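J.: Dropping a structure here in structure tokens format, bear with me for questions.
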Amino acid sequence: MSTTADPGRWLYELLAPAYDRLSGEATLYAVARARTIELLQLRPGATVLDVACGTGRNHELILERIGPSGRLVGVDRSPRMLQRARERAARRGWSNVELVETDVTNLTPELLDELGVDPPSAGFDAVLCTLGLTVIPDWRKAWQAMRRLVQPGGRIAIMDAGYPGCAGQAGETAVLRPVAWLLCRLFAADPRRQPWQLIVNDTDNVVEERYTLGYIGVAAGTRSAQGRPRGTPAATRLAHRPDRGDHYASSD
């Protein structure tokens, strides 16, 4: 994919050496990231696919849950971001992490096999994408690839930045929208996409939550054996959850 069609790729190539210092992880994303991985309901020995894995920020949290008998595959389109993820894995001595460079929108079991990754025959136990779908140009196609690669009954999760559906909804401090827009654009993200709605529309047993003054969305669900017919979203409810910190939550 050319950088003209995918401007985010060259930006992340440029940012890669300093990305972990510049991203504002502790302030903006850390709590939401941990909750996203918690919602995958991982067990020891699980197989996990991390789509648009970047520098591997998710990997320690995932490996704590799946243990040495589990398996983690990370996919990203940026060679330099992947190099940072490889360095992280080497420093920590993780031997059950596989990292591959490819366009996630075309990801299939056959492509993984061509890239030297033996895909689970029934699909991955869990698939996630954090801070990726607001950047990937053909983000809906990337979502379809995620759904294909998780096994029926497996969990899918998304964490991303963006606006709620209506100004002031879900705990949003609406006056900060210009700041949120600027931060998103600095990292080539589109805050209008609301990719967590894909989970709500296309999976079962949905949990949806908001963090960081309403600007970080987290959602997770289960892929059903039959798949949800288009146009029949999961029933959800929206409620403030002060007992769990600064976020709003909804679920089936």
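The values are calculated or read from the model by the stated rules, or taken from the named source; none is laboratory data. Being a predicted model, the structure only gives us computed values, none of them experimental. Here the Cβ is made from the backbone with ideal geometry for all residues, glycine too, and neighbour counts use every protein chain on show.
J.: Among all residue pairs at least 6 apart or on different chains, which show Cβ distances below 7 Å where the first residue, located in region 128-145, is on the phi > 0 side of the Ramachandran plot and the second is in a strand (DSSP E or B) and surrounded by fewer than 23 Cβ atoms within 10 Å (Cβ to Cβ)?
T.: none
J.: In addition: Taking the stated definitions as given, is ALA142 assigned to a helix (DSSP H, G or I) and surrounded by 14 or more Cβ atoms within 10 Å (Cβ to Cβ)?
T.: Considered against the rule, which asks whether it is assigned to a helix (DSSP H, G or I) and surrounded by 14 or more Cβ atoms within 10 Å (Cβ to Cβ), ALA142 comes out as yes.
J.: Looking at region 65-98, which of its residues are among the hydrophobic types (A, V, I, L, M, F, W, C) and outside any helix (DSSP H, G or I)?
T.: The answer is LEU72, VAL73, VAL75, TRP94, VAL97.
J.: While we're looking at this one, here's another question. Under 8 Å by Cβ, and 6 or more places apart or on different chains, what pairs join a residue from region 88-113 that is within 13 Å of VAL73 (Cβ to Cβ) and in contact (Cβ under 8 Å) with a residue 12 or more places away in the chain with one that is assigned to a strand (DSSP E or B) and hydroxyl-bearing (Ser, Thr, Tyr)?
T.: Pairs that qualify, where the first residue is within 13 Å of VAL73 (Cβ to Cβ) and in contact (Cβ under 8 Å) with a residue 12 or more places away in the chain and the partner is assigned to a strand (DSSP E or B) and hydroxyl-bearing (Ser, Thr, Tyr): there are none.
J.: May I ask you to say which residue of ARG228, ARG210 is at pLDDT below 95 and in a strand (DSSP E or B)?
T.: ARG210
J.: Can you give me the number of residues within region 39-64 that are under 17 Å from the mean Cα position of the chain (by Cα) and assigned to a helix (DSSP H, G or I)?
T.: The number of residues fulfilling the criteria is 5.
J.: Sort through ALA249, ALA180 and tell me the only one that's part of a strand (DSSP E or B), over 27 Å from GLY123 (Cα atoms) and modelled with pLDDT under 90.
T.: Answer to the selection: ALA249.
J.: How about region 70-99: which of its residues are among the small types (Gly, Ala, Ser), at pLDDT 95 or above and more than 24 Å from ASP125 (Cα to Cα)?
T.: Scanning region 70-99 gives a single hit, ALA90.
J.: For region 187-207, what are the residues that are of a type in the set (D, E, K, R) and in a loop (DSSP other than H, G, I, E, B)?
T.: Answer for region 187-207, where residues must be of a type in the set (D, E, K, R) and in a loop (DSSP other than H, G, I, E, B): ASP190, ARG192, ARG193.
J.: Within region 145-177, take every residue that is in contact with an Asp or Glu (Cβ under 8 Å, 6 or more places away or on another chain) and outside any strand (DSSP E or B) and give me the one that is modelled with the highest pLDDT. Break it down stepwise before answering.
T.: Step one: of region 145-177, the residues in contact with an Asp or Glu (Cβ under 8 Å, 6 or more places away or on another chain) are 147, 150-151, 154-155, 162-164, 171.
Adding the requirement that they be outside any strand (DSSP E or B) leaves 147, 162-164, 171.
Numbers: ARG147: 96, GLY162: 85, TYR163: 75, PRO164: 69, GLY171: 57.
Only one residue tops the list, namely ARG147.
J.: For the subset of region 99-124 comprising residues that are outside any loop (DSSP other than H, G, I, E, B) and over 17 Å from the mean Cα position of the chain (by Cα), which member is nearest to GLY153 (Cα to Cα)?
T.: PRO109
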